[in-house]
Amino acid sequence: MYSKKFLLDLYKTMYTIRVFESECIKLYRQGLIRGYYHPYLGEEAVGTGVCAALGKQDYIVSTHRGHGHCIARGADVKHMVAEVLGKETGYCLGLGGSMHIADITVGNLGANGIVGGGIPLGVGAALASKIRKEDRVVAIFFSDGASNNGVFAESLNLAGAWSLPVVFVLENNHYAVCTPVEKSCKADDLYTIGQGFGIESHMVDGNDVLEVYAAAQEAVAKCRKAKGPVLIEAKTYRHGGHHVNDPGAYMPQDRLEYFKSRDPVTLGKGHAMSIGKATKNDIAKIDKAVQKEMDEAVAFAKESPEMSEERFFELVENY
Amino acid sequence: MANAKTKAGRELQYREALNEALKEEMRRDDTVFVMGENIGERGGSFKVTVDLIHEFGADRVLDTPLAEASFTGAGVGAAIAGMRPVVEILFIDFTPLIMDQIANQAAKYRFMTGFKGSVPFVLRTQGGSGNGLAAQHSQNLEAWFCHIPGLRVVMPSTPYDAKGLLKSAIRHDGPVIFLEHKLLYQTKGPVPEKEYVVELGKGDIKREGRDVTIIAWSHMVLHALKAADVLAQEGIDAEVVDPRTLSPLDTELILESVRKTEHVVIAQEAVRRGGVGSDIASYIQEQAFDYLDAPIRIVAGHNTPMPFNLHLESVCTPHAEEIVAAAKETVYAEKRASA
Ligand SMILES: Cc1ncc(C[n+]2csc(CCOP(=O)(O)OP(=O)(O)O)c2C)c(N)n1
Ligand SMILES: [Mg+2]
C-alpha cells in the first residue's frame, strides 16, 4: 500500500537526521558549536512519521531536541548547520542557536529552551486556525519530561474543551535528562493522561516510522474534520545521553541495546526494501546524496559570515 | 575584606562551598531539605548538590518531576508547615514559571497572615551569560525579585560569601532568593574550615581605594577587580564594593565609600533598563549628591535578548574594559571641570 518512493522518502529523512546529528556532534567536539546540543539520535522515526502526515499549510511546534523535527518538516540543512554554528546565514541569523531553530516559512513555529513552553503556543496556533476557519493542523512535539509540567495539563484541557486541531505528539524517550519516566509519573503509559481529559489517545512504537505515520495520519484526518485534538504517545529511546556532554551512564545497557536493535533508521530501510522493494543500490544512492548534502552544508556554514556588530545593534535598536 | 581575613589555607570552588553549606545546614537542622530536577545521584547540572543524597537519603534530597510551579509551590507550602526547604531551579530563566508561588505566595504570606505565619524558604538558581546558551538560558533577572517586597535577594561573588550567605539564607525565617552565576561555579577562593556565616544585608569591600567606587555584584565583581588592577596602573585607585545582598541593600557601606571617593561606577551584567544599578544610582544621588564630583556611570548589559553568536554574546555583556573606561570618564570628567 505504501509506494517505494514514499518509503524511500521516509528513509531519506531519517537518514538525513542521523547524518546531521552525527556530523554536528563532530563539530561540537571540535569546539565549533557551543552551548547545549540535544541530539535526536534514536528518535528519528517520530518526527519523520508525524511530519509525513502533515500538509504544507500545517504547523509544527518543536523542542530543545528539535533538529529532527526541523529536518522532517523540510528544512535545508545548510541553514540549520549555519544556525548551530552561530552564523548569519542560519535560520535565525545565528541569534537563536540549536535550542531555538525556527523556520516559520514552512510552518515550523520553532524549538524552545523552556521545556513545555511551546505546548500552549501550539494550542494558540490551532485556535487561530479555528477562528479563521483555516484548514491547519498543529502537531506539537514534546517529551515525557514536559508531560510532567503544568502547562501540558492546561493545554491539553484547553485544546480538548475547544476541540482544536492539535496532534499532541508525546515523544516518550523515557528520560528527562537522567530522570526515568517511572520516577516522574505514576502512570505506566503516558497516553492515558489524555483520556482523563476526554481526549482520544493512542500509543505507538515510536521507532517504527510506519506505525507513527499511520497513527499521525489518522489523527490529522480527525483534526481536519474538527474531531481533534488527538494525543499520540510514541515510545522511543535516546541513543546517548541527554546532550552531547552527557555520557548517559545511567541508561541501562540492556535497554539501550534493545532500542538500538530496533533502530528507527534501520527499520525504515527495511520497510523500503521489503515493502517498497527498494534495492541496495537505491539505498546507497540516497546515503551518498545525503552525505554529500551534509558535507556541502558544513562547508557552507563554515564559510558563512557572522553578523556584524553594526547590523546587530541596528536590529535590536529599541528592542 | 572578608577573604583577606581568612588565614591562608583551604581553597574551595564556589560550587563546593555551596555544597558544604548545604551539608552543614542539613546536619545541623533536620527540617532542612533540598529539591529540584536531577539533584540526587546526578548532583545537579552544576554539581552543587553532589553526594547529598548519599548522606541524607532520598527523603531529604528530592528529585522532582519537571514541574517547576508545583514543586516550588510545594516547597513554599512545606516552609509554611515548618520545614526549611532549599529549592533549586536550574536556570533563572525558568523562574517565570514559578513567579506566582514566589511573588504572590511566598513573599506575601507572612504579611497577609498578620505576621503570624512564616516562610523559611530558599530558592537557589543561577543566571548570567558566557556559555553560549542563548536567549532563554543567559538572563540576569535579579531586578524582578528586588521589586517584590517580602523577598531577600542574595548574589554572592566568591566561594567564601557563597557559603556564608547560603547558611544565613537557610536560617532566615523568610523567603530568600539566592542567585548564583554559571561562570562562578568553578572559581576558587579561600573558605575556612571553621564554621562561619555571612549576615544577609551586609556588603563587603572587595578592594579598598580612594579615587572611585565601583559597585558590582556576582560575576561582575571579578570584572570590577580586574578593572581596578588596570586603573591602578594608570594611577587611579579604585574601591570595589560588593553589596552581596541586593535586597536589603547595605546602603551604609555604599554611602561611606561614595563619600570617600566621590566618584561612582555601577557595573551590572543585567540589561540596563529597569535594573538594580539604576535604583542604586538614584539612591546615591538622593543621599550623597553633594559628595559626587561627576555623574554616576552605569555599565550594564545591552538592552536585548542574549544572542547565541559568540562574538555578539560578548558584545552584549559588560567586561572589565567598559568598567575601566567608565571609571576614567568619571574621574577625568572632574579633573577637566576643575582644570
Ligand atoms: C522549564 C524548564 N525546566 C527545566 C529545563 C532544563 N531541561 C532541559 S531539557 C530537560 C529535560 C526535558 O525532558 P523531556 O521533556 O523528556 O525532553 P527530552 O530531553 O527527553 O527530549 C530539562 C530538565 C528547561 N530547559 N526548562
Ligand atoms: Mg524525555
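A few points about this structure:
- Restricted to segment A:86-108, and to residues there that are outside any loop (DSSP other than H, G, I, E, B), hydrophobic (A, V, I, L, M, F, W, C) and open to solvent by 40 Å² or more (accessible area, probe 1.4 Å), the residue that is nearest to the other protein chains (Cβ to nearest Cβ) is A:Ile104.
- Flag for A:Val81 being away from ligand 2 (no atom under 16 Å from the Cβ) and modelled with pLDDT under 95: no
- The conditions of being within 16 Å of ligand 1 (Cβ to nearest atom), modelled with pLDDT of 95 or more, within 16 Å of the chain's Cα centre (by Cα) and open to solvent by 20 Å² or more (accessible area, probe 1.4 Å) are met by A:Ala72.
- Some residue of segment B:118-125 being out of contact with any Gly (no Cβ under 8 Å at 6 or more places or on another chain), away from chain A (no Cβ under 14 Å) and more than 19 Å from B:Tyr185 (Cα to Cα): no
- Verdict on B:Arg171 being farther than 22 Å from B:Phe91 by Cα and outside the structural domain of B:Ala288 (by TED's automatic domain parsing): yes
- Condition met for A:Arg18 (among the basic types (Lys, Arg), within 14 Å of another protein chain (Cβ to nearest Cβ) and touching a residue at least 60 places away in the same chain (Cβ under 8 Å)): no
- Residues being out of contact with any Pro (no Cβ under 6 Å at 6 or more places or on another chain), closer than 22 Å to B:Leu52 by Cβ and among the hydrophobic types (A, V, I, L, M, F, W, C) - total across segment B:74-126: 14
- Residue satisfying all of: in segment B:64-92; among the charged types (D, E, K, R) and in contact (Cβ under 8 Å) with a residue 40 or more places away in the chain; most open to solvent (accessible area, probe 1.4 Å) among these: B:Arg84
- The lone exception for A:Lys87 - which of (1) within 15 Å of ligand 2 (Cβ to nearest atom); (2) more than 14 Å from the chain's Cα centre (by Cα) it fails: (1)
- Of the residues A:Val181, A:Val177, the single one that is within 13 Å of ligand 2 (Cβ to nearest atom), open to solvent by 10 Å² or more (accessible area, probe 1.4 Å) and touching a Lys or Arg at 6+ places or on another chain (Cβ under 9 Å) is A:Val177.
- The set of residues in segment B:25-53 being open to solvent by 10 Å² or more (accessible area, probe 1.4 Å), more than 14 Å from every other protein chain (Cβ to nearest Cβ) and either hydroxyl-bearing (Ser, Thr, Tyr) or farther than 18 Å from B:Ala79 by Cβ (or both) consists of B:Arg27, B:Thr31, B:Asp51.
- Residue match in segment A:275-290 (condition: open to solvent by 70 Å² or more (accessible area, probe 1.4 Å), among the polar types (S, T, N, Q), over 21 Å from the mean Cα position of the chain (by Cα) and more than 14 Å from every other protein chain (Cβ to nearest Cβ)): yes
A quick yes/no check of all residues on (1) under 30 Å from A:Ala111 (Cα atoms); (2) touching a residue at least 40 places away in the same chain (Cβ under 8 Å); (3) in contact with a Cys (Cβ under 7 Å, 6 or more places away or on another chain):
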| position | (1), (2), (3) |
| --- | --- |
| B:Ser129 | yes, yes, no |
| B:Ala134 | yes, yes, no |
| B:Phe178 | yes, yes, no |
| B:Lys194 | no, no, no |
| B:Gly203 | no, yes, no |
| B:Lys206 | no, yes, no |
| B:Val230 | no, yes, no |
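- For beta carbons closer than 9 Å, sequence separation of 6+ or different chains, a first residue in segment B:27-46 that is aromatic (Phe, Trp, Tyr) and a second that is part of a loop (DSSP other than H, G, I, E, B) and more than 16 Å from ligand 2 (Cβ to nearest atom), the qualifying pairs are B:Phe33/B:Asp59; B:Phe33/B:Arg60; B:Phe33/B:Met83; B:Phe46/B:Lys182; B:Phe46/B:Tyr185.
- Only residues that are out of contact with any helix residue (DSSP H, G or I) (no Cβ under 6 Å at 6 or more places or on another chain) and either more than 16 Å from ligand 1 (Cβ to nearest atom) or not hydrophobic (A, V, I, L, M, F, W, C) (or both) were counted in segment A:88-105, giving 11.
The values are calculated or read from the model by the stated rules, or taken from the named source; none is laboratory data. Please read all numbers here as calculations on a predicted model, not as lab measurements. When we count neighbours, we look across all protein chains shown, and the Cβ atoms used for this are built from the backbone with ideal geometry, even at glycine. Quick note on the areas: whole protein, heavy atoms, side chains included, nothing else; ligands and nucleic acids left out. Shrake-Rupley method; radii C 1.70, N 1.55, O 1.52, S 1.80 Å.
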